[in-house]
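Single-structure report; data block below.
What follows is calculated from the coordinates using simple rules that are stated; it is not laboratory data. All values reported here derive from a predicted model rather than from experimental measurement. Cβ atoms come from the backbone with ideal geometry, glycine included; neighbour counts cover every protein chain shown.
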There are 2 protein chains.
Amino acid sequence: MGRVVLDISMSLDGFIAGPNPSLEQPLGAGGDRLHEWILGLASFRERHGGSGGVRDRDDEVVAESLAATGAVVMGRRMFSGGEGAWDGDPNADGWWGDTPPFHAPVFVLTHHVRQPVAKQGGTTFTFVTDGVEAALEQARAAAGAKDVLVAGGANVAQQVLSAGLLDEMQIHLVSVLLGDGTRLLEHLERTTVQLESTRVIESPAVTHLQYRVVGQG
Amino acid sequence: MGRVVLDISMSLDGFIAGPNPSLEQPLGAGGDRLHEWILGLASFRERHGGSGGVRDRDDEVVAESLAATGAVVMGRRMFSGGEGAWDGDPNADGWWGDTPPFHAPVFVLTHHVRQPVAKQGGTTFTFVTDGVEAALEQARAAAGAKDVLVAGGANVAQQVLSAGLLDEMQIHLVSVLLGDGTRLLEHLERTTVQLESTRVIESPAVTHLQYRVVGQG
């Protein structure tokens, strides 16, 4: 069976989004800086329907993660695009366009019941209203032998960690300070989670830190 | 001239001390876990008057930092041993014993004027009451061609970063989650500090992340 893996970009000061997210700026002020490292990579471009791009160690890390992923779990804000996006219309479509980059079943944690949405390229969005364990269970079934990727946001990641359901964490530690925004590693109920560093890959803009969760307190 | 270097152990969730520090537990609840990686190292033991110990890559990193350091800057709580220690007696001696491990001039940022204290083994504590820039200036003069080590705590580190006076940062990122405590990278006035990752060294318990400050916003 696959693992449950958190895979996310974080600033050196611990943020996965900047302050004041909006529809225009879903990652908040400065938040785009967290993802600059990935935009030019070949595997990322390919996933987004593009071509070309850089093939380096960063690209290998991303390609490996994409190949291992069989299903995705995310929060409703990540689905709909930022803090403000969902407020007006709980049935609003995601901001991921007609051909989302997941090419896999995506399970969206939400309080709003709605029908699944099938997009082009193999991405389906299924809405799960009975909590993070249920979402992971459905995702595991869909992923088969592959991994379940916990894509974010912070709230979902914290729920998975606090419930002791995470097997592995890959943090792309970006060499920037955002100063404010959404922190990844806070509100954790299990701070006695035991981590083991399993791999570190460095590049100029980002350090890829891989941890295995080896025990729970 | 030497550089101004911050060298400090931080948990993956960004803390350099756990919650509720006290005289008995100067690093707060769980804070000792941040320094377990260093206690058995040969260079660390030697500095503390011991012998033996492990000589591995962690030890090389520590030995390198010790050899490069010509003077140290720290806050008054780090001098006196935890949050509560200073409260009763502003003239209380540090908790560093008769032979502190610095073997170099140490400049302590404080609001209390007091005479310098000379200890055995080459450590002198000089108390600076006119701010972080003055402390760094005195430390630079004392260090000569060597580096000024900013040892902590968080408040001093934040002042140095916010004032744009830091040249380099070495963060020993420890694979633990403390959940609460004192964060290193917050209250920063200059979040537009530009960092460049200059070296990453991994070991099972800790990842040594070295950054150069390449520009200020």
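With each label point set 7 Å from Cα along the Cα-Cβ vector, what nm distance links B:Ala141 and B:Met1?
It is 1.3 nm.
Taking R0 as 51 Å, what FRET efficiency do you get between B:Ser22 and A:Glu133 from their Cβ-Cβ distance, rounded to the nearest 0.05?
Efficiency computed from Cβ-Cβ geometry: 0.85.
How many percent of Cα pairs in the range A:4-215 exceed 20 Å?
More than 20 Å apart: 58 percent of the Cα pairs in the range A:4-215.
What is the set of long-range amide H partners of A:Gly2 at a cut-off below 5 Å, with H atoms built 1.01 Å from backbone N?
Hits under the 5 Å cutoff: A:Lys146.
Got a sec to turn the phi values of the range A:170-178 into Karplus ³J(HN,Hα) couplings, 6.51 cos²θ - 1.76 cosθ + 1.60 with θ = phi - 60°, whole Hz, x for Gly and Pro?
10, 9, 8, 7, 8, 6, 9, 10, 8
Can you pull the Kirkwood radius for the range A:139-178, inverse mean 1/r over Cα pairs, to one decimal in Å?
11.9 Å
Fewest first, what order do B:His208, B:His48 take by the number of other Cβ atoms within 10 Å?
B:His48, B:His208
With N set to the number of residues, divide the alpha-carbon radius of gyration of the range A:1-73 by 2.2 N^0.38 Å and report two decimals.
Compared with the compact-globule rule of thumb, the range A:1-73 sits at 1.23.
What is the distance, in nm, between label points placed 7 Å from the Cα along the Cα-to-Cβ direction at A:Thr99 and at B:Gln115?
8.0 nm
Size of the protein assembly as shown along its principal axes in angstrom, Cα-based, largest extent first?
So the extents along the principal axes, rounded to whole Å, are 73, 42, 40.
Only Cα pairs under 8 Å and at least 6 apart count here; give the relative contact order of chain B as a rounded whole percent.
Reported as a whole number, the value is 28 percent.
Show log10 I(q)/I(0) for the range A:94-217 at q = 0.16, 0.20 Å⁻¹, two decimals, from a solvent-free Debye sum over equal Cα scatterers.
Each listed q maps to, in turn, -0.97, -1.32.
Using helices alone, what [θ] at 222 nm do you get for the protein assembly as shown, with -39,500 (n - 2.57) per DSSP H run of 4 or more residues, divided over all residues and rounded to the nearest 500?
Using -39500 (n - 2.57) per qualifying helix, the result is -6000 deg cm²/dmol.
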